[in-house]
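The values are calculated or read from the model by the stated rules, or taken from the named source; none is laboratory data. Just so it is clear, the model here is predicted, and its values are computed rather than measured. Every residue, glycine among them, receives a Cβ derived from its backbone with ideal geometry; neighbour counts consider all protein chains shown.
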């Protein structure tokens, strides 16, 4: 791989300054049946988040989006 092909690193992790109510560490264990709509490393976003609210679905949690993007970008952070 050429040096020019190496992706740019993130200067800070995504949501680095998000308050506790706006970011959640993604648990490994499934959250299905525990917290409706919560993501996990096992399931990703659960099937319930893919259904319209009018059909009994629930929106995904914004805290989970911040949490997983934070985890991903921590590993791609500049040193």
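Out of the residues in region 52-78 that are in a loop (DSSP other than H, G, I, E, B) and either touching a strand residue (DSSP E or B) at 6+ places or on another chain (Cβ under 6 Å) or free of Cβ contacts under 8 Å to residues at least 40 places away in the same chain (or both), state the one that is farthest from residue 16 (Cα to Cα).
The residue in question is 56.
The selection criterion, being surrounded by 14 or more Cβ atoms within 10 Å (Cβ to Cβ) and within 19 Å of residue 65 (Cβ to Cβ), does not hold for residue 50. Taking the criterion of being surrounded by 14 or more Cβ atoms within 10 Å (Cβ to Cβ) and within 14 Å of residue 44 (Cα to Cα), the residues of region 1-29 that qualify are 24, 26, 27.
When 42, 49 are checked against the criterion of being part of a loop (DSSP other than H, G, I, E, B) and without any contact (Cβ under 8 Å) to a residue 60 or more places away in the chain, a single residue qualifies: 42.
When region 3-21 is filtered for residues that are touching a helix residue (DSSP H, G or I) at 6+ places or on another chain (Cβ under 6 Å) and either part of a loop (DSSP other than H, G, I, E, B) or at pLDDT 95 or above (or both), the ones remaining, listed by number, are 13, 14, 15, 18.
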